[in-house]
Ligand SMILES: C[S@@+](CC[C@H](N)C(=O)[O-])C[C@H]1O[C@@H](n2cnc3c(N)ncnc32)[C@H](O)[C@@H]1O
């Protein structure tokens, strides 16, 4: 008969909700394990004379109960599971002996061999829990776990839902353009899509990576006939979803920052189609940042305001209060403002802004074609003409333009 330790561990998923779990010792091990126990809904009792500040904060927040003393015989009564993790080997041995006598599964941080349970390396991705045990090689367990979770997140490990799919659409904020700047969730949904309706802005490189069966539709090229272009996009989303396809609407930046995302969400709601919205990194912050400009900086700007410059300040359709903006001391970030920057700069100056106020234009931020052009309110109109600055560009107005340091791309 082989030694018991030679048998592989038997994996199981404990349902700890409302069940008493005792953790002995409030150090680093407890700090790492407690969040998952709390997330599992366990009724956690910590027994320890001291605890790390994070563990202490969990007790103060009422997430765990804390008995501030050393372990004593009988502490494990009524518990379903115990984690023994003090720096005192003798106390650990006594606690694990009590667990053994009481038939309570016991993890021991100091002696895996004496333990009756091992903690796997775990990770989660969209409803899938991955737990990896590799005997006594925790680094390997963590590496395998990371590879699986990463694969699930980015879609390189296919984990399709087997249950029949209900029609649905994901409005995905793709970030400013660099394919690395989409969120993990956005990338995974993209990998699972049957149809992708994409804008001109955003991480278009990712479209090349999609498998051939995925239908990629350029939103700008959807014929709109008697509809407005946006209506035609809304209709396309509804029709593809109704045909049972998994649809991703890939948008630049964040769907709700000058992205008309809510119009699409409303159209889908009207058609009774469930919609999920994945926030994205907006160009309003990320493009200045990629060009070395912090939109706030201690002692320089305590606010930043993001406005659309797609209509001139004297246009009756403008909803922007340029007079108030001219009075603000903070940073002004203007999207869609390249064409109207002359009129915008003139309006700001006429309302009292210093003509020497610094301005930076960052064109095609976070892409290989990124370039930054600096000017002042007095010179920006001429600079844009002379330097041939073209949309898309983010325009930053304010003293923060002067505070950056060079950073790596
Ligand atoms: C219709 S708005 C969409 C904004 C987007 N939803 C966001 O959160 O970034 C388009 C404007 O965003 C800005 N923009 C978006 N991506 C950009 C980029 N990579 N570089 C510079 N400007 C960008 C430009 O001002 C462009 O005209």
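The values are calculated or read from the model by the stated rules, or taken from the named source; none is laboratory data. Worth saying up front: this structure is predicted, and the values here are computed from it rather than measured. Heads up, the Cβs are rebuilt from the backbone with ideal geometry, glycines too, and the neighbour counts pull from every protein chain shown.
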Legend entry - Number of the condition not met by residue 141 [criteria: (1) in contact with a strand residue (DSSP E or B) (Cβ under 6 Å, 6 or more places away or on another chain); (2) without any contact (Cβ under 8 Å) to a residue 40 or more places away in the chain; (3) closer than 18 Å to residue 6 by Cα; (4) not in a helix (DSSP H, G or I)]: (4)
Legend entry - Matching residues in segment 174-204 - criterion: being surrounded by 20 or more Cβ atoms within 10 Å (Cβ to Cβ), within 13 Å of the chain's Cα centre (by Cα) and more than 16 Å from the ligand (Cβ to nearest atom): 187, 188
Inset, instruction - Taking the options 171, 207, name whichever one is within 26 Å of residue 289 (Cβ to Cβ), within 15 Å of the chain's Cα centre (by Cα) and within 16 Å of the ligand (Cβ to nearest atom). - result: 171
Inset, instruction - Within segment 369-400, count every residue that is part of a helix (DSSP H, G or I), within 22 Å of residue 301 (Cα to Cα) and more than 27 Å from the chain's Cα centre (by Cα). - result: 2
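Quick check on my filter: what residues within segment 26-39 are part of a loop (DSSP other than H, G, I, E, B) and either free of Cβ contacts under 8 Å to residues at least 12 places away in the same chain or in contact with a strand residue (DSSP E or B) (Cβ under 7 Å, 6 or more places away or on another chain) (or both)?
Start the filter on segment 26-39 by keeping residues that are part of a loop (DSSP other than H, G, I, E, B), which leaves 26-27.
26, the sole residue that qualifies.
Let's see how each residue does on (1) more than 10 Å from the ligand (Cβ to nearest atom); (2) at pLDDT 95 or above; (3) more than 17 Å from residue 340 (Cβ to Cβ):
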| position | (1), (2), (3) |
| --- | --- |
| 366 | no, yes, yes |
| 373 | yes, yes, no |
| 378 | yes, yes, no |
| 383 | yes, yes, no |
| 395 | no, yes, no |
| 403 | yes, no, yes |
| 409 | yes, no, yes |
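For segment 266-285, name all the residues that are away from the ligand (no atom under 16 Å from the Cβ) and in contact (Cβ under 8 Å) with a residue 40 or more places away in the chain.
From segment 266-285, those away from the ligand (no atom under 16 Å from the Cβ) are 266-276; that's our starting set.
Correct list: 268, 273, 274, 275, 276.
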Inset, instruction - Find the residue count for segment 330-363, including only residues that are away from the ligand (no atom under 16 Å from the Cβ) and in a strand (DSSP E or B). - result: 1
Legend entry - Those residues of segment 235-265 which are in a helix (DSSP H, G or I), buried (at least 17 other Cβ atoms within 10 Å of the Cβ) and either within 16 Å of the ligand (Cβ to nearest atom) or assigned by TED's automatic domain parsing to the domain that holds residue 309 (or both), in sequence order: 261, 264, 265
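Test residue 396 against the criterion of being touching a residue at least 24 places away in the same chain (Cβ under 8 Å), buried (at least 20 other Cβ atoms within 10 Å of the Cβ) and touching a strand residue (DSSP E or B) at 6+ places or on another chain (Cβ under 7 Å), and give yes or no. Please lay out each step first, then the result.
Working: touching a residue at least 24 places away in the same chain (Cβ under 8 Å): yes; buried (at least 20 other Cβ atoms within 10 Å of the Cβ): yes; touching a strand residue (DSSP E or B) at 6+ places or on another chain (Cβ under 7 Å): yes.
So residue 396 fits the description; yes.
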Inset, instruction - Tally the residues that are surrounded by fewer than 17 Cβ atoms within 10 Å (Cβ to Cβ) and within 16 Å of the ligand (Cβ to nearest atom), restricting the search to segment 288-310. - result: 2
